[in-house]
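Where a number appears in this text, it was derived from the coordinates with a stated rule and is not lab data. Every value quoted in this text rests on a predicted model; they were computed, and no experiment measured them. Using ideal geometry, Cβ is built from the backbone for each residue, glycine included, and neighbour counts are taken over all protein chains shown.
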Amino acid sequence: MAEERRKRATEAFFGRRHGKRLRPRQDAALAALLDRALIKLDTASHDVVALFPSPVERVRLEIGFGGGEHLLSELARYPHTGFIGVEPFVNGMAKLASAVDEQGGAPANLRVYNDDATALLDWLPEASIAEIDLLYPDPWPKKKHWKRRFVNRANLDRFARVLKPGGRFRFASDIDTYIDWTLLHCEAHPAFRWQAESADDWRRPYDGWPGTRYEAKAIREGRTPAYLTFLRV
């Protein structure tokens, strides 16, 4: 395991990969999820639809799903959509694994990736993804760390390559500097257009939004979340 972790990509993941030690039941659920749903880039089909054992109509990507609250909600709401969830933090992946284990195992429309999302983005075929969600990513609030933020020109180029024309990039955060940062970077990128006509378009949560523990903490601490949507033009 230590050798495997040393080989992992680190271009855009700077946080911890491990938190508290997993309990045996969590460890077993995680092993089962990875055995059934992990995408292995060296052997997986480049036809993203073929990654799923049952037919799917489109494929969505959620980067850094945290505890998996949003991902689990969307899996149930859209059973004919394939979802790829990316989470390098072992304890976050374990939370998702425990949740799907309680439901009888990973649903057929779920695939996961447990490494740096940039490697997956570079592997994905052009115009293969219908939607990318980046929800409450690490804000890296200190100015000297802003270069670590996942939203940057290089990653927006990656998003633009893999998103289908008319596809969506959705970004949610409660950190005003990261919200402004994302707006400025997307405005400067020719492939993206902010889909907002009034303040309600970014103040109002997304349709079917289940809420997340990160969002609940932000609201408790008096921060106002923003929900941005950008179209791939």
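Counting only Cα atoms, the size of segment 34-104 along its three principal axes is 29, 29, 22 Å, in decreasing order. Backbone geometry of segment 45-51 corresponds, through the Karplus equation with coefficients 6.51, -1.76 and 1.60 at θ = phi - 60°, to 3J(HN,Hα) couplings of 5, 7, 7, 5, 5, 6, 5 Hz, x marking Gly and Pro.
Quick one: of the DSSP bridges fully inside the chain, what percent are antiparallel, nearest 5? Working shown, then result.
Working: 9 of 30 bridges.
Antiparallel bridges make up about 30 percent of those DSSP assigns within the chain.
Largest first, the three principal axis extents of the alpha carbons in segment 175-233 are 36, 25, 19 Å in whole numbers.
Normalised by 2.2 N^0.38 Å, where N is the number of residues, the alpha-carbon radius of gyration of segment 112-170 equals 1.19. Highest mean first, the peptides 114-122, 141-149 sorted by other C-beta atoms within 10 Å per residue fall in the order 114-122, 141-149. A dipole drawn for the chain from +1 and -1 charges on Cβ atoms has a positive end, and of P210, I39, Q26 the residue lying farthest that way is Q26.
With point charges of +1 on the Cβ of Lys and Arg and -1 on the Cβ of Asp and Glu, referenced to the Cα centre of the chain, which listed residue (H80, H70, V48) lies farthest in the positive direction of the dipole? Farthest towards the positive end: H70. Fully extending the segment from W123 to R36, taken as 0.36 nm per residue of separation minus the present Cα-Cα distance, adds 29.3 nm. Note on E102 and A76: their simple-model spin labels are 1.1 nm apart, each label 7 Å out from Cα toward Cβ.
Its Cα gyration tensor gives segment 102-233 an equivalent ellipsoid, and the semi-axes of that ellipsoid, as √(5λ) in whole Å with the largest first, are 22, 20, 16. When peptides 219-229, 177-187, 90-100, 42-52 are sorted by average Cβ neighbour count within 10 Å, with the highest value leading, the order is 90-100, 177-187, 219-229, 42-52.
Potential lengthening of the chain between E197 and D47 amounts to 50.4 nm, from the contour at 0.36 nm per residue minus the alpha-carbon distance. Lysine pairs in the chain whose alpha-carbon atoms fall under 30 angstrom of each other, counting only those eight or more residues apart or on distinct chains, come to 25. Computed with the Debye formula from one identical point scatterer per Cα of the chain, without solvent, the log10 of I(q)/I(0) at q = 0.11, 0.14 Å⁻¹ comes to -0.54, -0.92.
Note on A216 and L184: the model spin-label points, each 7 Å out from Cα along the C-beta direction, lie 3.4 nm apart. If R0 is 45 Å, the Cβ-Cβ spacing of K144 and S54 corresponds to a FRET efficiency of close to 0.45.
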